[in-house]
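Peer 1: Dropping the structure in here first, questions after.
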Amino acid sequence: MKICLYLEYYHLAGGRLYKNIGTGLLSSYRNQKEVLTRSGIEFIETWDESCDILQINTPWFNSIRLIHKAHRLGMPVAIWSHVTAEDSRDVFWFGKLTYPLVRRYLTYAYGLADIVFCPSEYTKSLLVRYGLDPKKLVAVSNGVDVHVFKKDEEKRAAARDGYHLNGMVIGTVGLAIPRKGIDTFIVLARKFPQHTFVWFGKIYSSFLAKPLPKDLPPNVMFTGYVKDIVAAFNALDIYIFPSYEENQGMTNVEAAAIGVPMLLRNLPAYRGYFTDESDCLMAQNENEFAPKLARLLENKEERDLLAARAKERVVKEQSLEACGEKMRMLYEQLLKNRKRL
């Protein structure tokens, strides 16, 4: 079995297009390569007709050309549905205007696949609403490398020293865009002025996205892009993720793998991955976030219990080893189905 693992423009100009973008797409792509390597499945990252399966990330225009070429050769095609119209709508200024076009294009592109890997059952349900064949859609986690995302006291000390962080630190890791819940983050910081709130993640130019408020509370820090997100997670005592829309929320999985107690917005994408009051706390709005954050701040025993349960669940269900077993079965089934045609 040989997989053509394709991420459009990934190698263009030495990979400059993807340099420092800080998105879950790159984490997912690296995880795919690691899953294939650990599973002993051969793969390449450029188009080759000798492959058995073409696996597409971000089906842009050259990807569509390769998909049609693969079809002519009788090669099955898998596509990762990292993007939906819903989660792209509130990233850039023009997102709401392009939403109908993005949805139409993704329906067409994902519809070309023999199988579509959906990061969650929620994403799968969205694509069914787009009109895609449910038989082609399978929910599978992007996974997490638990050998990389782990507790590290040296990284914690270095990150806290580098950013001058002291005491209880509440924060998140991810793109600093409105969809991720910057408004909720700042409201919480104002309600808990005695604690430091830090947001690790790339900040887009105001030409592309709504800029950060100018009147940030003194206890809030937005770092911009960080190279070592493992250190960033380790620097936190409580991880909060108030995002309004996600397909999976990879940083949640990474935070859980490291063992940071989590407070998340209650989104359908997390169902099947995390459970409120069992391995994390969930809230709908600022009125719910504040008392739940207070609970975590006041109760170390609860923080430790939630973190331990989340880590145990992630290691068992979403480690690259666990995902690798499922992916191998899906590849084998995909090849069998193609041979029957």
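The values are calculated or read from the model by the stated rules, or taken from the named source; none is laboratory data. Not measured: the values here are computed from a predicted model. All Cβ positions, glycine included, derive from the backbone under ideal geometry; neighbour counts span all protein chains shown.
Peer 1: When Glu121 is evaluated against the numbered criteria (1) modelled with pLDDT of 95 or more; (2) of a type outside the set (S, T, N, Q); (3) farther than 29 Å from Phe274 by Cα; (4) out of contact with any helix residue (DSSP H, G or I) (no Cβ under 6 Å at 6 or more places or on another chain), which criterion, by number, is the only one it fails?
Peer 2: (3)
Peer 1: Next up: If we scan segment 199-211, do we find a residue that is part of a strand (DSSP E or B), in contact with a strand residue (DSSP E or B) (Cβ under 6 Å, 6 or more places away or on another chain) and of a type in the set (Val, Ile, Thr)?
Peer 2: no
Peer 1: Can you say whether Thr172 is polar (S, T, N, Q) and over 30 Å from His68 (Cβ atoms), as far as the supplied structure shows?
Peer 2: yes
Peer 1: Check off (1) surrounded by 20 or more Cβ atoms within 10 Å (Cβ to Cβ); (2) in a helix (DSSP H, G or I) for Arg104 and give me the number that stays unchecked.
Peer 2: (1)
Peer 1: Looking only at segment 13-33, filter to residues that are small (Gly, Ala, Ser) and modelled with pLDDT under 65; which one of those is surrounded by the most Cβ atoms within 10 Å (Cβ to Cβ)?
Peer 2: Only one residue tops the list, namely Gly22.
Peer 1: All but one of (1) touching a helix residue (DSSP H, G or I) at 6+ places or on another chain (Cβ under 9 Å); (2) within 20 Å of Pro119 (Cβ to Cβ); (3) not hydroxyl-bearing (Ser, Thr, Tyr) hold for Leu330; state the number of the condition that does not hold.
Peer 2: The failed condition is (1).
Peer 1: Looking at segment 177-187, is at least one residue in a loop (DSSP other than H, G, I, E, B), under 22 Å from the mean Cα position of the chain (by Cα) and either in the same structural domain as Glu298 (by TED's automatic domain parsing) or without any contact (Cβ under 8 Å) to a residue 24 or more places away in the chain (or both)?
Peer 2: Yes, the conditions are met somewhere in segment 177-187.
Peer 1: Moving to a separate point now. If you go through segment 212-225, how many residues are in a loop (DSSP other than H, G, I, E, B) and in contact (Cβ under 8 Å) with a residue 60 or more places away in the chain? Spell out how you get there, then give the answer.
Peer 2: From segment 212-225, those in a loop (DSSP other than H, G, I, E, B) are 212-219, 225; that's our starting set.
Next cut, in contact (Cβ under 8 Å) with a residue 60 or more places away in the chain only: 225.
So the count comes out to 1.
Peer 1: Tell me yes or no: at least one residue of segment 168-175 is assigned by TED's automatic domain parsing to the domain that holds Leu293 and modelled with pLDDT under 95. It would help to see each step written out before you state the result.
Peer 2: Narrowing segment 168-175 to residues assigned by TED's automatic domain parsing to the domain that holds Leu293: 168-175.
Still in the list and also modelled with pLDDT under 95: 174-175.
For segment 168-175, residues assigned by TED's automatic domain parsing to the domain that holds Leu293 and modelled with pLDDT under 95: present.
Conditions tested, residue by residue: (1) within 23 Å of the chain's Cα centre (by Cα); (2) outside any loop (DSSP other than H, G, I, E, B); (3) buried (at least 18 other Cβ atoms within 10 Å of the Cβ).
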{"residue": "Ile67", "(1), (2), (3)": "no, yes, yes"}
{"residue": "Met75", "(1), (2), (3)": "no, no, yes"}
{"residue": "Val83", "(1), (2), (3)": "yes, no, yes"}
{"residue": "Lys96", "(1), (2), (3)": "yes, yes, no"}
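Peer 1: Okay, next question. When only residues in segment 107-126 that are of a type in the set (D, E, K, R) and farther than 22 Å from Leu66 by Cα count, which is surrounded by the fewest Cβ atoms within 10 Å (Cβ to Cβ)?
Peer 2: Glu121
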